[in-house]
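The structure appears right after this line, and notes come after that.
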Amino acid sequence: MAREGGMAPGGGLIGLRADRMVDVEAGEVREGAVVLVRGERIEAVLDPGAPLPEGATTIDLPGHTLLPGLIDCHTHLVGELQGSGIPVIDRSAAQEALSGVANARATVLAGFTTVRDVGTFRAFVDVAIRDGTVLGPRMAVAGAYVTVPGGGGAVTGLAPDIELPLDLRFGEAASPAEVRRRVRAILYGGADFIKVIATGAVLALGTRPGAPELSPEELAAAVEEAALQGTHVAAHAHGRQGIVNAAVAGARSIEHGSLLDAEAADLLAERGTYLVADIYNGDYIAQEGARQGWPAETLAKNQATTQSQRDGFELAVKAGVKIAYGTDSGVYPHGWNARQLPYMVRHGMTPMAALRSATVVAAELLGWSDRVGALAPGRYADAIAVPGDPLADLGRLADVPFVLQGGRVLRWEKSDAPLSGPTPYLPA
Ligand SMILES: [Zn+2]
C-alpha cells in the first residue's frame, strides 16, 4: 500500500535503521549504521548498536539499503512529454505548469529528491513550480534557454513569418551584448543558473546537433554575466566544436556531449568541467519515436548521436572527467530517472561511481554540497531505501519503496501503519 505525504513523527527526531547504508562520500557501504534525523536535517550517523537519544522514534527498514536521495542534473519537469509535433504552441503557461506539478511529484516519489531543471520553452514556469507548495524535488531552475534565434533552444518548425509571444522566445540572443541582457533578465526573473545552447539539438527541428550555434564570444559573455550574479552556466553541446567552445568559455557543465572525442574529454578533465550525458534516452527515442511516428529528421539525429554519445562517455570516464548524473527526463516519462544508472556501469563506471555521480558529484555541480548529496550531518534528511544491495544491481533503484525528503516520509510502500504517533513505520 503506497503512502504519500506523511509528516515526520515525534517533533522530528527519528532514527533510520536499515541493514546497510551507502556512504557516498567515502565510497563505502556501512553495515547497520543508523541515520539520526532532527527536523529536516541529518543530525548524525550513529555506529551500529549505538543507543538512540531519548524521545527518538525509529523507522525500521529491515532487508533494505539506505542511500541519499538521488539527484538528476538534467530534467525538464515543465510541460508534457516530448511528442511528434512542434512543442508547446498548443498549450498555455497554466497548462504547462500543471503538467509540471504532476511531473515534479512523479520525480520525487521515484526517489529523486533534488533536480537541476535545465529548461522550459515557456519562460519561468519552472520558477513557479520551484516556488510553489507542490510535492516535488528541490529544484535549481534555468528559467529559459539562452539560444540563437531559430537554434536548438528555440521553438522551431513554424513558418518563418509567425511571431511567437515573448515567453516562448525569452532567451533568444544574437550578439554578446544581447546574451548579457538575456542572462540578466533570466536571473532577475528568478532562475538559479543559466542554460546556454551551444549547438543544434536532436529534438529541435531544422537544427544540427554537430553545428556550433552561440559563438565563443557569446558563450563567454553568458559565463561572465552569470558569474557576476554568482551563478554558473550549463551548456547544451552535442558537437565537438561546441563542446570545446563552451568548456573554454568556462561553462560549468557540458550537457549531452554526444560527439565528444578523446581530445575534448582531456580538455574537460583538465578544466574540471562536468559532463552530464543522458546516455539512456537514445534507446527510448528510437523505440517510442518510431512507434509514435516522430519526424524522420529527429529519429535520424537520434541514431547519429546515441552510440557516439556512449562511446564519448567511455572516453570521459577514462580521462577522469567529473560526471554528474543527468537524464533528460521529459523526453522519456518522469519518474524513470534511475533507468540510466545501469547504462553508466555498462559504459565504464563502477556501480559506486555511478551512485556518486547521482549524489555527491551532482551536489557539487549544483553548488549544494552543504545541503544535499550525502547522508551526513548537516545535510537535508533526503534519503531513499531499496531492498537488498543496490550496488549488486543498480536496476533496483528504478523501483524505490521508501522516500524521505527533509525528514518527511513521502513514500513507504510496505507500511500499513498510521503516519503519525510513536514508531509508526514498522513494515507489514
Ligand atoms: Zn535537455
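Values quoted throughout were computed directly from the atomic coordinates according to the rules given, and no laboratory measurement underlies them. Here the structure is a predicted model, which means the values were calculated and not measured. Here the Cβ is made from the backbone with ideal geometry for all residues, glycine too, and neighbour counts use every protein chain on show.
State the Cα centre-to-centre distance between region 274-303 and region 133-195 in whole Å.
23 Å
Given contacts defined as C-alpha pairs under 8 Å and at least six residues apart, what's the relative contact order of the chain, whole-number percent?
Values: 1087 pairs, mean separation 94.2, N = 428.
Worked out over the chain, it gives 22 percent.
Output the antiparallel fraction of DSSP beta bridges having both residues in the chain, as a percent to the nearest 5.
On the way: 29 of 61 bridges.
Of all bridge pairs located within the chain, approximately 50 percent are antiparallel.
Can you compute the radius of gyration and Dmax for region 156-282, using only the Cα atoms, both in Å?
14.5, 45
Quick one: putting +1 on the C-beta of Lys and Arg, -1 on the C-beta of Asp and Glu, what dipole do you get for region 301-398 around its Cα centre, in Debye to the nearest 20? Walk me through the numbers before you get to the answer.
Values: 10 positive and 8 negative charges, 27 e Å.
For region 301-398, the charge dipole is close to 120 debye.
What does the helix-only formula give at 222 nm for the chain: each DSSP H stretch with n ≥ 4 adding -39500 (n - 2.57), the total divided by the residues, and the result rounded to the nearest 500 deg cm²/dmol? List each step's numbers first, then the result.
Working: 11 runs with 118 residues, N = 428.
Helices in the chain give a 222 nm mean residue ellipticity of -8500 deg cm²/dmol.
Report the rotationally averaged projected area of the chain based on its alpha-carbon convex hull, in square nanometres. Provide the component values of the computation, followed by the final result.
On the way: hull surface 76.9 nm².
It is 19.2 nm².
With a Förster radius of 60 Å, plug the Cβ-Cβ distance of Ile89 and Ala353 into 1/(1 + (r/R0)^6) and report the FRET value to the nearest 0.05. It would help to have the intermediate numbers written out before the result.
Working: r = 41 Å, r/R0 = 0.69.
For R0 = 60 Å, the calculated efficiency reads 0.90.
Let me know the charge dipole size of the chain about its Cα centre in debye, to the nearest 20, where only the beta-carbon of Lys, Arg (+1) and Asp, Glu (-1) is charged.
Values: 36 positive and 49 negative charges, 65 e Å.
Using Cβ point charges on Lys, Arg, Asp and Glu, the chain gives about 300 debye.
Considering only Val88, Gly171, Val115, whose Cα is most displaced toward the positive end of the charge dipole of region 38-196, charges sitting on Cβ of Lys, Arg (+1) and Asp, Glu (-1)?
Selected residue: Gly171.
Fully extended, how many nm does the chain gain between Ala286 and Glu224 (0.36 nm per residue separation, minus their Cα-Cα distance)?
Working: separation 62, 0.36 × 62 = 22.32 nm, distance 3.78 nm.
Length gained between Ala286 and Glu224: 18.5 nm.
Could you work out the relative contact order of region 342-415, using alpha carbon pairs under 8 angstrom and six or more residues apart, expressed as a whole percent?
Details: 85 pairs, mean separation 15.9, N = 74.
Once divided by the residue count of region 342-415, the mean separation gives 21 percent.
Looking at region 1-120, send over the antiparallel percent of its DSSP beta bridges, to the nearest 5.
Numbers: 14 of 25 bridges.
Within region 1-120, antiparallel bridges account for around 55 percent of the total.
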